[in-house]
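The values are calculated or read from the model by the stated rules, or taken from the named source; none is laboratory data. If you're wondering where the values come from, they're calculated on a predicted model, not measured in any experiment. Methodologically, a virtual Cβ is constructed for each residue, glycine included, from the backbone with ideal geometry; neighbour enumeration extends over all protein chains shown. Please note that ligands, DNA and RNA were not included when accessible areas were found on the heavy atoms of the full protein model with its side chains. Shrake-Rupley method; radii C 1.70, N 1.55, O 1.52, S 1.80 Å.
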Amino acid sequence: MEPNNNNNKNVVEEFTDQKSPETPSLIKYISSNQVSGFDNTTYKPSRLSNVQYPQQEHLNYLQSKEIEIPIVEIPSPELEPNQTHKRIHSVSISMPPSPIQAHVNSTKKVLFDEVTDSNGAAKSASCELPKPAKFHSQPMDIKTAPMLPVNPSARTIDRRFDSFKTWSGKLERQITNLRGKPQRESQPDDVVLKSSEIDNLPVDRYFDALEGPELETLRASEEILLPDDKRWPFLLRFPISSFGICLGVTSQAILWKTLASSSSTKFLHISLMINLILWCISVSLVILVFFFYSLKCLLYFEAVRREYYHPIRVNFFFAPWISLLFLAIGVPPSLTKYLHPALWYILMTPFFCLELKIYGQWMSGGQRRLSKVANPSNHLSVVGNFVGALLGASMGLVEGPIFFFAIGMAHYMVLFVTLYQRLPTNETLPKELHPVFFLFVAAPSVASMAWAKLQGSFDYGSRIAYFIALFLYFSLAVRVNFFRGFKFSLAWWAYTFPMTGAAIATIKYSNEVTNVVTQSLAVILSLASTLTVSALLVSTILHAFVFRDLFPNDLAIAISDRKPKHKKWFPLIKNLSSDYSKDIDNFLKFTDSEAKDLEASENVQRSDGEQP
């Protein structure tokens, strides 16, 4: 052990006597000021120095600042602990890629000649400029993201609604040019509908593409012309059936005027102030609905035209004029007691022109004959005649009111029989009950009051019409459970005024036949009518402001004129099922008859002429 210790002492003495070895080049102290342009902020003029940039002043400010870097002591593994090497680290600042970085790229970059790798071998490094750094965008929080100004000219116009516009967007572009604004980019022409797709649709197309009591639900196999993935403009979603609200509210004004002025209801002590308030609300509502639908006629005439050709909504075109007639009848006595007869002629002229068109289609025997398009909403086109006769008779007119009363009575009898029979050609009348059936009550109840006004008393003719209306009212009221499960619709408002009309007719009848039964019936029907209108008003407000679905996309006006394509085997299955259904119907037709009838039902002629 002693020889080994002696050897170690000799090695240590030799190591202490020798001078310190030379420091490797990698960690050798080099002052950055010895090399011009090496990681310093001293600006050196270059060939781009004469170019002035907006940020040049800010750059000179940065260059005038000296960056002080703390001295870091790096211990050398080969030296003693008390010996350290001092080196100032250079600082590299990344600048965004912009023209002001051109002079920075011209500065000199010095790399060490020898770079020691992990194995201790020395590598020679060429003096190459580093590649410019790539900057990648990073996700930014929406709250902290800067709001960049949007160029209005970069926005695109949705041209898919142009086919329903009155001017197909041409007027909009002309107004834009006149205002001096640049035209915005439009979508490709393949998005815009062709003119062949907006021709007049036959009535059979509405029956094939739509379903429901009001023909407003699109079948699953159908396609529409307008986009169904977004909310349409408000005017396109504003239907003609919105005038049903006017019918319900204006009829209430007449009801409360009759309750306040009738002798049989004096015990209720109802003030005419209620009539005044309801009448003012009705006037405001009629003006508002007229304004929006007039805008629709001006801007989206194609949608109005499609509603006119709709077999059910065409009857709602009588609703605006009926609402005006209701306003004239329900005018408060505090405002005026007598209306000029010229008002009656003004209101009945468009009504008469519309009747010529609709009633002519019923008799023509074409696609829109009554046996094909008959539905309970046709009562709207008939009841207007009786309302006009009632208003004319109250003004002192005779011939004109009788003329419209006769037209209304003739077409009401034909319509009543057609709807009651449920002809095989009539496919629109649903099997289940619906609030639309209350329109059966409207025509006879108003007709009874019109005839009483013409005759001067509630005579037998008025009583016959009134009793028909009362029976139809009771026949629907006892089946109230069948009216459940229907989705709220704006067209329900049109079915409230028949209940109001029945209540008013009952009050008129109680004035002629005054007793406890008639007075109680008048109060009950008036209360039922008022509660129904109030419930619909609450539902309308909820759907308008809470659910926000009062005016959904009106799919009934956007159906295509082309039928959906089915596979070849689909018609075969359809014809086969129809043949079997005919055999079943013929068999069930005689199930309650004698045995010979059952045999007759089995011996139905086949298509090949053979008997089973």
(message) Using the Karplus curve 6.51 cos²θ - 1.76 cosθ + 1.60 with θ = phi - 60°, what ³J(HN,Hα) values do you get for each residue of the range 222-237, in whole Hz, with x for Gly and Pro?
(response) 9, 10, 10, 7, 8, x, 9, 9, 8, 7, 6, x, 4, 5, 5, 8
(message) What does the charge count around Asp459 come to, taking other residues whose C-beta lies under 13 Å from its C-beta (Lys +1, Arg +1, Asp -1, Glu -1)?
(response) +2
(message) Quick check of the Kirkwood formula: for the range 306-348, what is the inverse mean of 1/r over all pairs of different Cα atoms, in Å?
(response) 12.1 Å
(message) Quick query: amide H of Thr217 versus all other amide H atoms, modeled in the peptide plane; which residues come in under 5 Å with a sequence gap of 5 or more or a different chain?
(response) Glu211
(message) Could you sort Ile468, Ile557 by their accessible area in this structure, using a 1.4 Å probe and putting the largest first?
(response) Ile468, Ile557
(message) Quick check on my link table: of Lys296/Lys487; Lys337/Lys357; Lys372/Lys487; Lys337/Lys508; Lys357/Lys563, which ones sit more than 30 Å apart, alpha carbon to alpha carbon?
(response) Lys337/Lys357
(request) Give the accessible surface of the range 261-409 per residue, rounded to a whole number of Å², with probe radius 1.4 Å and ligands, DNA and RNA excluded. (result) 42 Å²
(request) Lys and Arg at +1, Asp and Glu at -1: add these up for the other residues within a Cβ distance under 11 Å of Trp362 and post the number. (result) +3
(request) Provide the solvent-accessible area of Cys280, counting protein heavy atoms only and rolling a 1.4 Å probe, rounded to the nearest 10 Å². (result) 60 Å²
(request) With a 1.4 Å probe and every protein chain kept in, tell me what percent of the accessible surface of the range 223-560 is carbon plus sulfur. (result) 69 percent
(request) Rounded to whole Hz and in sequence order, give me ³J(HN,Hα) for the range 314-319 from the Karplus expression 6.51 cos²θ - 1.76 cosθ + 1.60, θ = phi - 60°, writing x for Gly and Pro. (result) 4, 6, 6, 6, 7, 5
(request) Keeping all protein chains in position, work out how much accessible area Val480 exposes to a 1.4 Å probe, and write it in Å² to the nearest 10. (result) 90 Å²
(request) Starting from the exponent 0.38 and prefactor 2.2 Å, build the expected Rg for the range 430-526 from its residue count and divide its actual Cα Rg by it. (result) 1.13
(message) Through the Karplus equation 6.51 cos²θ - 1.76 cosθ + 1.60, θ set to phi - 60°, convert the phi angles of the range 480-494 into ³J(HN,Hα) values in whole Hz; use x for Gly and Pro.
(response) 5, 5, 7, 8, 7, x, 9, 6, 4, 9, 5, 6, 5, 4, 5
(message) When a/c reaches 1.5 or more, the comparison of a/b and b/c decides; with that in mind, is the range 500-565 rounded, prolate or oblate per its Cα gyration tensor?
(response) oblate
(request) Count the net charge of all other residues whose Cβ sits under 12 Å from the Cβ of Thr265, scoring Lys and Arg as +1 and Asp and Glu as -1. (result) +3
(message) Tell me the relative contact order for the range 223-560 as a rounded percent, counting alpha carbon contacts under 8 Å between residues six or more apart.
(response) 24 percent
(request) Would you tell me the accessible area of Lys508, worked out with a 1.4 angstrom probe on the heavy atoms of the protein chains, in Å² to the nearest 10? (result) 90 Å²
